[in-house]
Amino acid sequence: LPVQSAITQPRPGTAVPPGELTVKGYAWSGGGREVVRVDVSLDGGRSWRVADLTGERPVPGRAWAWRLWELRAPVA
């Protein structure tokens, strides 16, 4: 299955002040396959940044849970 993901922070419609922004979410790849990378765009898809995967790394072939991720990036 293709990777499914969601952004949990900041919430939709939240005003984001200039400075450093922390974006958090979760991802799942299905079929027991491990999520190995999450890319996040802060500019509508013109550029992408690689998020850090957080939490425990699943056992290969047994990745049945969502994987948390986080990205810290400067915003104008």
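Dipole of the range 3-75 computed with +1 at Lys/Arg Cβ and -1 at Asp/Glu Cβ about the Cα centre; of P10, A73, V38, farthest Cα towards the positive end is V38. Each label point was placed 7 Å from the Cα along the Cα-to-Cβ direction; for A76 and W64 their separation is 4.8 nm.
Charge dipole of the range 3-75 (Cα centre as origin; +1 on each Lys and Arg Cβ, -1 on each Asp and Glu Cβ, all else neutral): 140 debye, rounded to the nearest 20.
Extension gain for the segment R57 to A15, taken as residue separation times 0.36 nm less the Cα-Cα distance, is 11.9 nm to one decimal. Shown for the chain: the carbon plus sulfur share of the solvent-accessible area, taken with all protein chains present and a 1.4 angstrom probe, equals 53%. Taking all C-alpha pairs of the chain, those more than 16 Å from each other amount to 52 percent.
The values are calculated or read from the model by the stated rules, or taken from the named source; none is laboratory data. It should be emphasised that the depicted structure is a prediction, and the values quoted were computed from it without experimental measurement. Counting neighbours? That spans all protein chains shown, and the Cβs are built from the backbone with ideal geometry, glycine included. The protein model used for the area step is the full one, side chains on, heavy atoms only, and it has no ligands, DNA or RNA in it. Shrake-Rupley method; radii C 1.70, N 1.55, O 1.52, S 1.80 Å.
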